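Readers should treat all values here as calculations from the given coordinates under stated rules, not as data from a laboratory. What you see is a predicted model; the values in this text were computed from it and never measured. All Cβ positions, glycine included, derive from the backbone under ideal geometry; neighbour counts span all protein chains shown.
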Amino acid sequence: MGQHHIQITVNGASREGDVESRTLLVHFLRESLRLTGTHIGCDTSHCGACTVLLDGTPVKSCTVLAVQADGRKVMTVEGLEQGGKLDPIQEGFFQEHGLQCGYCTPGMMMTSYALLKANSAPSELEIRQAISGNLCRCTGYVNIIKSVQHAAQAMAATGK
Amino acid sequence: MATEPKTSFEVGGMGHSVKRKEDPRFIRGQGNYVDDIQLPGMLHMDIVRSPYAHAKILKIDSSKALKVPGVLAVITGETLAQYKLHWMPTLMSDTQMVLPTDRVMYQAQEVAAVIATDRYTAADGVAAVEVEYEPLPVVTDPFEAMKPGAPVLRTDKEGKKDNHIWHWEAGDRAKTDAASKASDVVVREKIYIPRIHVASIETCGCVADFHPGTGKLTVYMTTQAPHAIRTVFALVAGHVGLSEEKIRIVSPDIGGGFGGKVPVYPGYVIAVAASVVIGKPVKWVEDRMENLQADSFARDYHMEAELAATKDGTMTALKIKTVADHGYADAAANPSKYPAGLFSICTGSYDIPDAFCEVDGVYTNKPPGGVAYRCSFRVTEAAHAIERMVDILAQELKMDPAELRMKNFIPPEKFPYHSALGWEYDSGNYPAALKMAMEMIDYAGLRGEQAEKRKKGELMGIGISSFTEIVGAGPSKHFDILGIKMFDSCELRIHPTGKAMARFGTKSQGQGHETTYAQIIAEELGIPAAHVEVDEGDTDTAPYGLGTYASRSTPTAGAAGAMAARKVRDKARKIAAYLLEVAEEDLVWEPGKFSVKGAPQKSKTIQDIAFAAYTNHPPGMEAGLEAVNYYDPPNLTFPFGSYICVVDIDRGTGEVKIRRFVAIDDCGNIINPMIVDGQIHGGLSMGMAPALMEEITYDENGNNQAGSFMDYLVPTSMETPNWETGKTITPSPHHPFGAKGVGESATVGAPPAIANAVVDALSHLGVKHIDIPITPEKVWNILKAKGVAE
């Protein structure tokens, strides 16, 4: 099994490690870097619990090899809060009861965060489409959509 | 409808939508789920599974696997047999293999386990284990399994000559038959509720950590019932030296449970055995395919129902005969005296004088189970049967289904109501909930719209479900699991500075106990919910309880919390009397303080009293301020609701689109309205899922046809509508604060509302019944047969 030395900028900090060719990005993040906020729900790209941003684009880290992230930027749920201040998307999920068991939440927030970066005022349908690759078993999505809308409004109000 | 909260928002007692205390860690990615646990020296386990649904095992060759660098051991049934751990009891006192020694009974059954230094190497080891099988005849249909000459599956049971597990019945067969025969109208229907899977987004797993030095076993595991699991482990493994005081079960954050995390799966037991033998921590976390293919399923009920009525629509008799397909073992998690759970709630919300139901459990070559899917013990099956039958009767009588329901509801003044099948319904007001739902959705207007659309050939349907739940098990004279009575518990300690620690025997899996339990204590003592720390899931610290499932947490443990708080208040009153130098009877309680009657300026807050309990307590009184309560409910609780669903059907594709869905729920007094609505949203989604999408089927060889999220369709944000909710409030008369439980109501009530709406859309074409899931394919085939497909 080939070994590779990789360097990834994770949540703004340079992180390095030795991985096998087959090591999945999600395992590198969770087990080597101990960033366990990114969860594993299916291994087949269906549930989205493992969603992280790779150079700003949401990817399912259970189907990305760690070596594919070499030299690139990864953002995980641990990177949302800045300087002790919650990101609007985190605040939105908290205020609108957008989570229950919390397992899909990090992936759901990363997908929503990327949506709001690209589209600061999404319609309900656009939010539904954006999160359609992230499964949630607890909430019925209604409050997740409200959470994203809450974040969009907060960002508009503060001009972020 | 809601009454005004008794406490301020800052105190956050009942009725306040307090934000959840658990959320700050979850939104930061700082939850602590089983797979997040990484212990020094921890090994990983992966499992070899059977490709066959029924086969003899001729040989298991581990030699190549053991040569894989990093593979430390391969565990087989023979290994476990040395310790007599290759079989285990199910929670229904049936038995199932942990690992087989001679045959496999269902596809994906555990065959061997590989222990390795990391998860990738463990998977390499699994791929290198060579197993030779000799396939045996497969039985997947329970009706085939019951025929004479069918292969007998449980050859391990001495003298077993068929595949019948048990027969269970309730009610009076002869009286019901006579009443049915004497009735003007009798409708009959075969209703199948297919096998489904809870598919919580977190799969199951554990980290078993045995310390050879101390003899202590700690198991971090995805369990909804940690205390019961500890006792089961002690009973199963006592003979190899595991004693209950040396076993600690920790249920950390749980990524959804819904009933699927109640049973003991073989993987847990193998990991424990491996850790004990090797003396190192062993982690096992199943993947999604293992989860869908091998863990306990729900439903799989084949029902034949018969509902009789007079010609003016007064219901006279109900009879339901059911075949329950339990797979290879009855691994349900029902109370032991109720092998078919609470199925006898099947008379539902209706005043039906005579009823009879019977259920027969059957073995097949499918994974074991019969657990819940977000519902109290087979209540969903019961509700679906009666709510479908009511619509079929309405169709037969050419009556409006709302009118037929109103006519037959148990009248509000008849509570407590004794049902023909033996339950005492504690409270209810069914007409109020249906009336509210009809007004909220404009039922009359929708019927007008439907008539117009029919003229144009458009297919629109309106479906009602007026369900009754039966939750909160339960009174210990009736309810136990493996003999352990189904009480639940709270241990409450008030610290000197007036803050509290409340520990419970349950375990939240997303329901928000850390918040709602704190609100119960806040309501009873006036200590702000923010200052009440809730702890559950660790058997070394929490008091014994039966766990969280069947919507029992608020009815049992929540009640225990209130009762423990009231004990604390009783002692606080004595201390206050001492501090204020008055008699106890001269004190008045309001949330948070005692004051002297007629002199309200003379008072002591609960915080003053807590401090005094440790610094200045009355002579002769024990110091401290704490209490324990084990709450044994006098009866079950009976949440109910009325749901109305509007669907439009695409004649070109057969797709059913939920246009509107109004859910009126009555769960008694509400602790946190925000959380209750969240529970209902989730429950509705898990009601829609089996109604329209989810089903696990098997081919004739016993191959699972829905073993991944590619084929097992869990609803996404695109199919799920905007749920509209409303409440009526009929407090439970016997619960300490009038609550009833809510987590599962919507999963129980939603499927028949949706099925009734679809059938209603097609009823003018002569369609009487469609089994769930009502997929586009099923609908399109009906449209084609009726000549209306586009």
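Quick check: the distance between the Cα centres of the range B:569-600 and the range B:383-426, to the nearest angstrom? Comparing the Cα centres of the range B:569-600 and the range B:383-426, I get a distance of 50 Å. Enter the Cα centre distance for the pair the range B:52-114 and the range B:248-318, rounded to the nearest angstrom. Cα centroid of the range B:52-114 versus Cα centroid of the range B:248-318: 21 Å apart.
Take the Cβ-Cβ distance between A:K85 and A:E124 as r, set R0 to 25 Å, and report the resulting FRET efficiency rounded to the nearest 0.05.
So the FRET efficiency works out to roughly 0.35.
From the helices alone, meaning DSSP H stretches of at least four residues, give me the mean residue ellipticity at 222 nm for chain B, per-run term -39500 (n - 2.57), in deg cm²/dmol to the nearest 500.
The per-residue figure over chain B is -8000 deg cm²/dmol.
Within a straight-line Cα-Cα reach of under 16 Å, B:K602 can be paired with the following aspartates and glutamates, leaving aside sequence neighbours fewer than 8 residues apart in one chain: B:E581, B:E584, B:E585, B:D586, B:E590.
Along the Cα→Cβ direction, 7 angstrom out, place labels at B:L66 and B:V185. What is the inter-label distance in nm? Those two pseudo-labels are separated by 7.2 nm.
Charge tally for A:N143 (other residues, Cβ to Cβ under 9 Å; Lys, Arg +1; Asp, Glu -1): -1.
Once the Cβ-Cβ distance of B:A599 and B:F9 is raised to the sixth power relative to R0 = 22 Å, the FRET efficiency obtained is 0.20. Once the chain from B:D540 to B:K786 is taken as fully extended at 0.36 nm per residue, the excess over their C-alpha distance is 82.2 nm.
Computed about the Cα centre, the dipole magnitude for the range A:88-158 is approximately 120 debye when only Lys and Arg (+1) and Asp and Glu (-1) carry charge, each at its Cβ. In this rough spin-label picture, where each label sits 7 Å from Cα along the Cβ direction, the B:H239-A:A13 distance is 5.2 nm. If you plug the beta carbon distance of B:E144 and B:T615 into 1/(1 + (r/R0)^6) with R0 = 56 Å, you get a FRET efficiency near 0.15. Straight-line reach from B:K59: taking Cα to Cα under 17 Å and skipping same-chain neighbours fewer than 8 places apart, the aspartates and glutamates in range are B:E78, B:D102, B:E110, B:E130, B:E132, B:E134. When B:C204, B:C375, A:C138 are sorted by how many other C-beta atoms sit within 10 angstrom of their C-beta, beginning with the fewest, the order is B:C204, A:C138, B:C375.
Each Lys or Arg adds one and each Asp or Glu subtracts one; over the other residues with Cβ under 10 Å from the Cβ of B:K147, this totals -3. Can you give the net charge of the other residues whose Cβ lies under 13 Å from the Cβ of B:D351, counting K and R as +1 and D and E as -1? Here the count lands on +1.
Between A:G79, A:L115, A:Q129, the Cα set farthest toward the positive side of the dipole of the range A:1-151 (charges on each charged residue's Cβ, about the Cα centre) is that of A:Q129.
Among the listed pairs B:K398/B:K456; B:K216/B:K499; B:K261/B:K366; B:K175/B:K407; B:K280/B:K499; B:K161/B:K366, those whose Cα-Cα separation exceeds 27 Å are B:K216/B:K499; B:K280/B:K499. Distance from the alpha carbon centroid of the range A:75-132 to that of the range B:632-708 works out to 25 angstrom. Summary value for chain A: 23 percent relative contact order, contacts being C-alpha pairs under 8 angstrom separated by 6+ residues. Put in order of Cβ neighbour count within 10 Å, fewest first, the listed residues A:H39, B:H418 become B:H418, A:H39. Working from label points 7 Å from Cα in the Cα-to-Cβ sense, the B:L39 to A:R22 distance is 2.7 nm.
Once you sort the root eigenvalues of the Cα gyration tensor of the protein assembly as shown as a ≥ b ≥ c, which label holds: rounded (a/c under 1.5), prolate (a/b larger than b/c) or oblate (the other case)? Because its axes are fairly even, with a/c under 1.5, the protein assembly as shown counts as rounded. Here the range B:210-289 is assigned +1 on the Cβ of each Lys and Arg and -1 on the Cβ of each Asp and Glu. Its dipole about the Cα centre then comes out at about 120 debye. Once you order the gyration tensor axes a ≥ b ≥ c over the Cα atoms, which shape class does chain B get: rounded for a/c under 1.5, otherwise prolate or oblate by comparing a/b with b/c? In terms of gyration-tensor shape, oblate.
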